[in-house]
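Read the structure below first, then the notes.
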Amino acid sequence: NLNLTYEKLKNKSPFEIVGWVVSQNKRIILTINFGPYDAVILHLDIDSKSHAVICIDTIYITRATYVYAEKLIKLLDLNKHVFNPLVSSKRRDTLMNGIPDIESPLHEDFTYQVKLEPFKRAIEKCKP
């Protein structure tokens with residue numbers, strides 16, 4: 001029950017919350033985009049080497065993020081699984097005339113292609 005879990009964990013520290021999650025003996029995955037706070041999340045996970053660390057690479061990530069991600073992957077010896085969109089960014093940009101604006105009717109399809117479909121494959125493969 002989500003409400004009971006919330007009540008149990010709402011006053012716990014991040015380290016205690018991660019410890020509780022790990023103690024549930026479930027198949028754990030971490031989803032990250034290698035943003036500035038992801039190193040903290042990975043560091044809190046005391047067993048991140050054995051958990052699947054999923055990164056949805058939208059192909060629109062900056063060079064600095066790729067460099068940072070590779071350093072973090074090596075430093076923490078992550079069990080990483082990277083999932084990319086099935087459609088190349090060049091093809092998508094050509095067919096959608098760049099990244100569609102949020103009000104564009106193409107934006108829903110864009111979001112599905114670059115985020116949701118790769119995430120669906122990640123879940124199917126890693127089976128949390």
Report task. Return one whole number: the accessible area per residue of the stretch 1-106 in Å², for a 1.4 Å probe. Result -> 71 Å²
Report task. Counting other Cβ atoms within 10 Å, keep those with at most 10, restrict to DSSP loop, and tell me which trypsin sites (Lys or Arg not before Pro) in the stretch 1-83 are left. Result -> Lys10, Lys26, Arg27
Query raised in the report: Cα-based Rg (one decimal) and Dmax (whole number) for the chain, in Å?
Result: 17.0, 50
Query - Too-long pairs where the Cα-Cα distance tops 23 Å, listed order kept, from Lys71/Lys125; Lys10/Lys80; Lys90/Lys115; Lys90/Lys125 - result: Lys71/Lys125; Lys10/Lys80; Lys90/Lys125
Query raised in the report: Whose amide H sits under 5 Å from the amide H of Asn79, counting only residues 5 or more places off or on another chain, with H placed in the peptide plane?
Result: Val53
Query raised in the report: Where in the chain are the DSSP H helices whose alpha-carbon span along the long axis reaches 27 Å or more and whose Kyte-Doolittle mean is at least -0.5?
Result: none
Report task. Find which of Pro105, Val67, Leu116 sits farthest along the positive direction of the dipole of the stretch 18-128, computed with +1 on the beta-carbon of Lys and Arg, -1 on that of Asp and Glu, about the Cα centre. Result -> Val67
**Report entry** Percent carbon-and-sulfur accessible area, the chain, ignoring ligands, DNA and RNA, probe 1.4 Å
**Finding:** 58 percent
Report summary line: Per the rule of 0.36 nm per residue minus the C-alpha distance, extending Lys125 to Arg91 adds in nm 9.7 nm
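The values are calculated or read from the model by the stated rules, or taken from the named source; none is laboratory data. Computed from a predicted model, the values in this text were never measured in an experiment. Every residue, glycine among them, receives a Cβ derived from its backbone with ideal geometry; neighbour counts consider all protein chains shown. Only protein heavy atoms, including side chains, enter the accessible area calculation; ligands, DNA and RNA are left aside. Shrake-Rupley method; radii C 1.70, N 1.55, O 1.52, S 1.80 Å.
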